[in-house]
Amino acid sequence: MPWGQRYGALVNLSSDKGLPLHSVIDMKRSNLQIRGFSKLTKEAKITWLTEQHLSDPPAGQALIASYNHLDAGVQKRHDEFIENTLANYFLPLGVAPNFRINDQVYTIPMAIEESSVVAAAAKSAQFWMDRGGFTSTVVSSTKVGHIHFTFSGDAHALTALVARIQPELLAATESITANMRARGGGILSVQLKDRREAMEEYFQLEVRFETRDSMGANFINSCLEEMAKVLRLEAATDAGTATGDLEVVMCILSNYTPECIVRSEVRCAVNDLDDGSGVDVHEFARKFQRAVRIAEVEPYRAATHNKGIMNGIDAVVLATGNDFRAVEAACHTYASRDGQYRSLTHCSVENGEFRFWIEIPLSLGTVGGLTKLHPMVQLALEVLGNPGAHELMGIVAASGLAQNFAALRALTTTGIQKGHMKMHLLNILNQLDATDAEKAELTAFFADKVPHHADVVAAFCSLRGIPVPSAEGVHS
Ligand code: MEV
């Protein structure tokens, strides 16, 4: 029985010994503590994991083995990205072609599991291809990091100290910043921030950086840690500050990058919004703008609206080997910068012109990190023409905007389920282990219908001539 089916939708869960499967697993779970796990070989880790956690260890081991790369060297590299690697975890890598951005056409790689995302991006890209495409502009690319510390002494003395030791702070990072400075980046400013209004004795050294084509997290953190050593030492020996205690709590970059901003925009005459589907373009523009406005004023809607934007953004960020958690953190913080969580996109309809734009913080790299290590990341970057970080920021922002355009267009016209479920139909059919012939027949059957899960299961069972399973065995 295939592994997917073993725990799949239509299977009655029980063990060989007649005990309910969950009892067997519960018995095993009583002894799940292990010391020195990270020191075990990969094989030993897999053996322990499958024997302790799974009902059928050999099947689990075979499944894990099947997810290893054929080339042992490539697999070893993947193994070494993280600790305790067992195998690889596949996500589909798709492409959305026909993205016209700043008058250049891109085929955008997207790594994502959600069925409708790539199709939606491609559809929007095609739509805007004929209407001038996307215009992306990097507004700024400054990143920031902090030495968070407490100081119990005289704040004036601390201010004087930080002003005096600026050369020493920079000198301490010389060897780390040399390459970056050669590439036109480095440290832009070092500023003392008095945050005692927020927390007792709390100060920061806020350091601003330009990191060129690298995302710069390691670079920033290394600089901060070297500077913190100088701060500690100088504060202890300076006559003005030595009377108080200075404790460095931590040194870390901020993933909130409100000075690392990209904007992407589409615009066209309202009359040109006609896509041949017969919708009234003025009605469409008005309703679309209203939908964006709702996400600007209503956090419940803003969360879903922005989630759809992140569908487009994360998929490209992931395919290009960037840190999607950092991007998520920055975008959501930016979305709530005035105290309320709001839409990341905006729309205007004025003087017969429709404009739709996104403005987001994006801290991305096209050198360093995974870019040289992960062969598929290298491929994705090559497909994009090996962009620098600024160009990639523009591409990613356009992808987020395209995604939001597709979602809002569907939501305000046909409803989201029509397109969404159409793409999801294949997932349902795969869950049911439909053959290619059955998939073709059922896809044709649902061509003009919304394929709700229960209807697909019923149609599938009727095609096979088997009874429809009881509702509790069926996943939605
Ligand atoms: C689903 O992943 C994303 C949407 O919900 C986004 C939206 O509602 O705007 C369709």
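Looking at the range 111-131, is at least one residue surrounded by 19 or more Cβ atoms within 10 Å (Cβ to Cβ), in the same structural domain as residue 359 (by TED's automatic domain parsing) and more than 16 Å from the ligand (Cβ to nearest atom)? Yes.
Out of everything in the range 185-211 that is of a type in the set (Ser, Thr, Tyr) and without any contact (Cβ under 8 Å) to a residue 60 or more places away in the chain, what residue ends up being surrounded by the most Cβ atoms within 10 Å (Cβ to Cβ)?
My answer is 202.
Take the conditions within 16 Å of the ligand (Cβ to nearest atom), within 30 Å of residue 212 (Cα to Cα) and crowded, with 21+ Cβ neighbours inside 10 Å and apply them to residue 394. Does it pass? When the stated conditions are applied, residue 394 does not pass them.
Residue-by-condition table, conditions (1) buried (at least 20 other Cβ atoms within 10 Å of the Cβ); (2) of a type outside the set (Phe, Trp, Tyr); (3) in a helix (DSSP H, G or I):
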residue: 135; (1), (2), (3): no, yes, no
residue: 147; (1), (2), (3): yes, yes, no
residue: 163; (1), (2), (3): no, yes, yes
residue: 175; (1), (2), (3): no, yes, yes
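Kindly indicate the residue of the range 337-361 that is without any contact (Cβ under 8 Å) to a residue 12 or more places away in the chain and under 21 Å from residue 265 (Cα atoms) and also surrounded by the most Cβ atoms within 10 Å (Cβ to Cβ) among those meeting that condition.
Only one residue tops the list, namely 350.
Would a scan of the range 130-137 turn up a residue that is under 30 Å from residue 223 (Cα atoms) and not hydrophobic (A, V, I, L, M, F, W, C)? For the range 130-137, residues under 30 Å from residue 223 (Cα atoms) and not hydrophobic (A, V, I, L, M, F, W, C): present.
Within the range 319-328, at least one residue is out of contact with any Leu (no Cβ under 9 Å at 6 or more places or on another chain) and surrounded by fewer than 16 Cβ atoms within 10 Å (Cβ to Cβ). Exactly one condition in (1) free of Cβ contacts under 8 Å to residues at least 12 places away in the same chain; (2) away from the ligand (no atom under 16 Å from the Cβ) is not met by residue 364; state its number. Every condition holds for residue 364 apart from (1).
Does residue 312 satisfy the condition of being among the small types (Gly, Ala, Ser), in contact (Cβ under 8 Å) with a residue 40 or more places away in the chain, buried (at least 19 other Cβ atoms within 10 Å of the Cβ) and farther than 27 Å from residue 205 by Cβ?
Here the answer is yes, as residue 312 does meet what is asked.
Scanning the range 32-66 for residues that are basic (Lys, Arg) and surrounded by 15 or more Cβ atoms within 10 Å (Cβ to Cβ) yields 42, 45.
For the range 413-437, a residue qualifies if it is over 26 Å from residue 120 (Cβ atoms) and in a helix (DSSP H, G or I), and exactly one does: 437. Any residue at all in the range 290-298 that's outside any helix (DSSP H, G or I), farther than 19 Å from residue 264 by Cα and either within 16 Å of the ligand (Cβ to nearest atom) or not acidic (Asp, Glu) (or both)? Yes; the residues of the range 290-298 include at least one that is outside any helix (DSSP H, G or I), farther than 19 Å from residue 264 by Cα and either within 16 Å of the ligand (Cβ to nearest atom) or not acidic (Asp, Glu) (or both). For the range 397-411, a residue qualifies if it is surrounded by 20 or more Cβ atoms within 10 Å (Cβ to Cβ) and either within 18 Å of residue 114 (Cβ to Cβ) or within 16 Å of the ligand (Cβ to nearest atom) (or both), and the qualifying residues are 399, 400, 401, 402, 403, 404, 405, 406, 407, 408, 409.
The values are calculated or read from the model by the stated rules, or taken from the named source; none is laboratory data. Fair warning: this is a prediction, and the values are worked out from it, not measured in the lab. Counting neighbours? That spans all protein chains shown, and the Cβs are built from the backbone with ideal geometry, glycine included.
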